[in-house]
1. Applying 1/(1 + (r/R0)^6) with R0 = 22 Å to the Cβ-Cβ distance of L47 and A21, what FRET efficiency is obtained, to the nearest 0.05?
2. Report relative contact order for the chain in percent, whole number only (criteria: Cα-Cα under 8 Å, sequence separation at least 6).
3. In whole Å, what three semi-axes, largest first, describe the equivalent ellipsoid of the chain built from its Cα gyration tensor (square root of 5 times each eigenvalue)?
Amino acid sequence: MARGQIAGTNEGLLKIIADPAGEKLLGVQIVGEGATELIHLGQMALLAGTRVESFVENIFNFPTLAEAYRVAALDILEQRR
């Protein structure tokens, strides 16, 4: 992520877990610097029943670490094809 590079943080992981169809959000895993600042977005999405596509359709500020949600969602949607 651009924000990680700017801050000099090049290690970390944000993983979205979805159902086999790649549509329903089942969980989020985050490891690395800023994880505690990001996990609440995944928690709110789970509580709201948000679909994976929502992370692509909605705007994330740039450059922020939260953009990793969009990147992870794009990976899932790409695997569906």
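None of the figures in this text is laboratory data; all of them are computed from the coordinates on show. Values in this document were obtained by computation on a predicted structure and should not be read as measured data. Glycine gets a Cβ as well: all are built from the backbone with ideal geometry, and neighbour counts include every protein chain shown.
1. 0.60
2. On the way: 104 pairs, mean separation 28.0, N = 81.
That works out to 35 percent.
3. They are 21, 13, 11 Å, listed from largest to smallest.
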